[in-house]
Protein chains: 2
Amino acid sequence: MQEPARGFQQTEYKLRTERAQSLMAALDLAGVLLTTQADVQYFTGFQTLFWQSPTRPWFVFVPATGKPIAIIPEIGAALMRQTWVDDIRTWAAPAPDDDGVSLLTELLMPLARENVQIGVPKGHETALRMPLSDWERLNAALPGLRVADAAPVIQNLRSIKSPAEIAKLSHICAIGSAVFAKVPDFVHEGMGLDACFRKFKQTALSGGADDVPYLVGGAAQGGYADVISPPTSQPLQRGDVLMMDTGCVWDGYYCDFDRNWAIGHADDQARRAYDTLWRATEAGLEAAKPGNTCRDLFRAMSHVIAEMDDSGGDIGRLGHGLGLQLTEQPSHAAFDHTELKENMVLTLEPSLSYGDGLMMVHEENIVLCPDGPRLLSTRAPATLPII
Amino acid sequence: MQEPARGFQQTEYKLRTERAQSLMAALDLAGVLLTTQADVQYFTGFQTLFWQSPTRPWFVFVPATGKPIAIIPEIGAALMRQTWVDDIRTWAAPAPDDDGVSLLTELLMPLARENVQIGVPKGHETALRMPLSDWERLNAALPGLRVADAAPVIQNLRSIKSPAEIAKLSHICAIGSAVFAKVPDFVHEGMGLDACFRKFKQTALSGGADDVPYLVGGAAQGGYADVISPPTSQPLQRGDVLMMDTGCVWDGYYCDFDRNWAIGHADDQARRAYDTLWRATEAGLEAAKPGNTCRDLFRAMSHVIAEMDDSGGDIGRLGHGLGLQLTEQPSHAAFDHTELKENMVLTLEPSLSYGDGLMMVHEENIVLCPDGPRLLSTRAPATLPII
């Protein structure tokens, strides 16, 4: 499989920043303060697994004009210097008494004095990755500063992917598809679900994934009871429906889709659930056009799901955005009126509940082209495959 | 390798909760609200990779008496019902207009009316994993509620491990040690660093790790430039020092240690750096006794490091706690006066800077016994091994 280039050209970061600044100007924001792995990586290219340690906060400030400014622990300076960011301010973290707060205060004081407004992602699907007490101290030190929600700016920007981002997403989806295609070669009746998961991860790594941070699923007679559990050592039995749902990563970008198989034999109900979800995905593919909304997509899928399940499963939505995170905005849900746009990368994820506490989920990954979707995942077979 | 039992007895969660409640009583806290993966898992046993999706907030409230109360998205209800928690309140998330806020308001209103104080982890090494605007709405809806920092309660509690936790940590450290022992069998001159990483992960999965969420490192002539970068495809060359630092996971518990090797040949400076760090670790092992403080541990190690590097490297600390997270409190740093106690599980992580922008890091994992440390990782060889 031919790999795309790793990283991005500087022009990509410049364009992202300029687009953010244009959205910021429309909302009268004099800057946006970012604290999370995905947001920092999006604007700088700073990529590390070190975020898994909760010890140190990391900050990037996108000013109204010019390049982002990094305020980060000294341990990250060498890596940040490899990015396009010029203004890198560091401190010897951890420093519980002052983990970047005085550096942030110094940066933001001129804006506070002018009594202008900055943005921080505060809304749906966000979290502030710094100690809340430090955030309170920062605000107390900057009494004139007004803080608005920057979530719409950042989420709208990130939801439209560039050609280089789509190439990475397409690559990791192809790797994921190739791994799913091999599952019947290594999964068999009697194998523990944990062993299936282990083998899946090893196959994905061999197939070129950088990592398999996300793999969940289930297996039980005729369906499964939930879709977020870690695997048990319970051996696969004839009549089980096995589902694996993976987020593999390549150069920081995720795939997120699943596949279902019956072990030895599929009962009528499982085959019907599978068929319903397959057709719900078809309806989603049909509705996945620029100009439609997420709500349209949701309705197209839930109309088919309703044949078997009025509640539309209990996942809460029928798909979402995809990129630097396993799930991103928007949501295919009745509440989300976001207009679908060209170059959005999305999952279609219809689910349904049936029988005695059983459920089933299907998922595909797509990119929106002018006339409709292009599948990034290899479409699941139309009938429940049997291993 | 004989695996410990997965999960914990209910008595373990009961004890954790009662200890928290006793610490809460001392601080006059009528409850503690928790929002992060590790804190929720610690009190409930709720374990899932689904936290990687930022879409949904999850809440657990530890009241002054009785079992924790879970306020969670419906998608997690089936899994939470498998834990010891009885009171599980759910909503159909995502719901941007009300992602648990009204359920939290209902729960906390009686406490707000009494004008009592609850705790939320707000201090060093914490973050509130919910939208900041929802937090602000919650506070606005509960004007009488006072919120104090619960970080000390939770961090002190989690820093002392139970025998069952130590068994899990010991197991994953043994798996990590076995993988490191195999590195000379699969790493060779000319191999890309990314290929080394991939092979390391596959070997760890074969060796029984559930996952390898953390693997960082570096390789360059006579040392490496930073310790948090993802690997490049740069082939290993004779004279390189290769370092890999891993956080492998078993049943939710992490190891966190590293190993260094020279490829083909080690220069004098690299051998001297290695020797200095090996002896710094010895000094750390000597000082790692209940009754000493983290600062004592830091000083013991930095005294040796100072032979080559006055700054003590630029990692910011020389080790930390370990458990459900890759890094936990306390920190082996001059600022941390935490008293070392029996059954703390810690890393010793001396580092130094030398030469022209080079650095080296050593790391071991230990558990504190009454008379001193027991190594959980197999001690690194006393001289820089050559592959």
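Dividing the Cα radius of gyration of the stretch B:10-158 by 2.2 N^0.38 Å, with N the residue count, gives 0.96.
Taking the C-alpha atoms only, the angle from helix B:163-186 to the longest principal axis of chain B is near 30 degrees. Taking the DSSP beta bridges in the stretch A:1-118 as the whole, what percent of them are antiparallel, to the nearest 5? If I count the DSSP bridges inside the stretch A:1-118, around 65 percent turn out antiparallel. What stretch of chain B, leaving out the sites themselves, is the longest with no trypsin sites (Lys or Arg not before Pro) in a DSSP loop having at most 14 other Cβ atoms within 10 Å? Here the longest run is B:82-237.
Between residue A:206 and residue A:74, the contour length at 0.36 nm per residue exceeds the Cα-Cα span by 44.1 nm. Distance from the A-onto-B rotation axis is smallest for the Cβ of the chain A residue given, in whole Å, as A:202, 2.
Overall shape of the stretch B:109-208 was characterised from the C-alpha gyration tensor. The equivalent ellipsoid obtained from it has semi-axes of 47, 19, 10 Å, in decreasing order.
Take residue A:65, move 7 Å from Cα toward the beta carbon, and the resulting point lies 6.5 nm from the same point in each other copy, nearest first. Applying 0.36 nm per residue to the separation of residue B:117 and residue B:18 and subtracting their alpha-carbon distance, the gain on full extension is 33.8 nm. Relative to the longest principal axis of the Cα atoms of chain A, the long axis of helix A:132-141 lies at roughly 30 degrees.
For residue B:293 and residue B:386, the FRET efficiency from 1/(1 + (r/R0)^6), where r spans their Cβ atoms and R0 equals 35 Å, is about 0.40.
Across identical copies of the chain, residue A:370 has label-point separations of 7.9 nm, listed in ascending order, with the point defined 7 angstrom from Cα along Cα→Cβ. Cross-link check: pairs A:182/A:289; A:122/A:289; A:14/B:122; A:182/B:201; A:168/B:199; A:168/A:201 evaluated at a Cα-Cα cut-off of 24 Å; pairs beyond the cut-off: A:182/A:289; A:122/A:289; A:14/B:122.
With respect to chain B, whose longest principal axis is taken over its alpha-carbon atoms, helix B:101-113 is tilted by about 70°. Here the contact order of the stretch A:10-158, divided by its residue count and restricted to Cα pairs under 8 Å and six or more residues apart, works out to 25 percent.
In chain B, the DSSP beta bridges split such that about 80 percent are antiparallel, to the nearest 5. The Cβ shell under 10 Å around residue A:156 holds other residues with a net charge of +3, Lys and Arg each +1, Asp and Glu each -1. When the alpha carbon gyration tensor of the protein assembly as shown is reduced to an equivalent ellipsoid, the three semi-axes, largest first, read 38, 31, 29 Å. In this calculation the C-beta distance from residue A:3 to residue B:156 is compared with R0 = 35 Å, giving a FRET efficiency of 0.15. Sorted shortest first, the separations between the residue B:27 label point and its copies elsewhere in the assembly read 3.3 nm; each point sits 7 Å from Cα along the Cα-to-Cβ line. Of interest is the spacing of the C-alpha centroids, which for the stretch B:272-289 and the stretch A:200-239 amounts to 42 Å.
Would you tell me the mean number of C-beta atoms belonging to other protein chains that fall within 10 Å of each C-beta in A:219-227, as a whole number?
2
Look at the stretch A:244-257: the mean tally of other chain Cβ atoms within 10 Å of its residues' Cβ atoms is 1.
The mean number of partner chain beta-carbon atoms within 10 angstrom of a residue's beta-carbon across peptide A:120-126 is 6. Seen through its C-alpha gyration tensor, with square-root eigenvalues sorted a ≥ b ≥ c, the stretch B:195-352 comes out oblate because a/c lies at 1.5 or above while a/b is not bigger than b/c.
A short reminder: the numbers here are calculations on the coordinates, not readings from a lab. All of these numbers come straight from a predicted model, not from anything done at the bench. Note that we place each Cβ from the backbone using ideal geometry, even for glycine, and neighbour counts take in every protein chain shown.
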